[in-house]
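The structure appears below as structure tokens.
The values are calculated or read from the model by the stated rules, or taken from the named source; none is laboratory data. Small disclaimer: the values here were computed from a predicted structure and weren't measured. Cβ sites come from the backbone with ideal geometry, for glycine too, and all protein chains shown count toward neighbours. The protein model used for the area step is the full one, side chains on, heavy atoms only, and it has no ligands, DNA or RNA in it. Shrake-Rupley method; radii C 1.70, N 1.55, O 1.52, S 1.80 Å.
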Amino acid sequence: MHELISSIRRNAVGLAIFATVTAGAIATAQMLTAERIKQNIRMAESRALNQLVPTSSYDNDLLNDTLTVDSRFNQQLLGPLPENALIYRARNDGEVSAVILPAVAPDGYTTSIDLIVGVNRDGTLAGVRVVAHRETPGLGDKIEARKSDWITSFTGKSLQNPVAEQWAVRKDGGEFDQFTGATITPRAVVRAVKRALLFFDMHRDLLLNGRAPYQGDSNGN
């Protein structure tokens, strides 16, 4: 009996030592790779943003010139964003030349579609890219730039071009093409991009100048 108890104790001690060493090794590995992972994430973010705003078009640190989408903004226009979603601002000589907005189309065919929407200072679109979706392969996935050039059709558009009623797919009487056999997906993206432009128009001063516009009385004074 004494030998059995001693054996159990030895095994328990051995397991405890093994667990401690393993936990320590995992923690050390995480510490060593955390900075590399962080850098990789920042590089991926930078590549996505620079698809809309080329590095030659701004002179600031784009990844660190941000605004949080908080209570200052009409968040509903951008869709159901994750908490602490960021707006990026590109500058030239200190002046904001473009902003990159996060946006979510909640009404995709299968689920939400995550976008980034670049808007130039004058309100025209610098570009739009899909960053995450689960649309049907071969149909709805044509919203991806690597699958189709459809997403590039937004570049240069604005709230005035086309006019409001033309911000829809052709099936709904609008200007934008839909996909054969897949209308819901492009319709959702068009709506989300239009709402992003409305968001920019509503919050232009805060986005470009870092301050909220003066709130006058109900008569607009």
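Using a simple spin-label model with pseudo-atoms 7 Å out from Cα toward Cβ, THR111 and GLU35 lie 3.5 nm apart. Solvent-accessible area of the stretch 67-221 (1.4 angstrom probe, protein heavy atoms only): carbon and sulfur portion equals 45 percent.
Surface analysis of the stretch 109-221 yields an accessible area of 51 Å² per residue, using protein heavy atoms and a 1.4 Å probe.
Working note: Debye formula, equal point scatterers on the alpha-carbon atoms of the stretch 81-210, no solvent; log10 I(q)/I(0) at q = 0.11 Å⁻¹ is -0.37.
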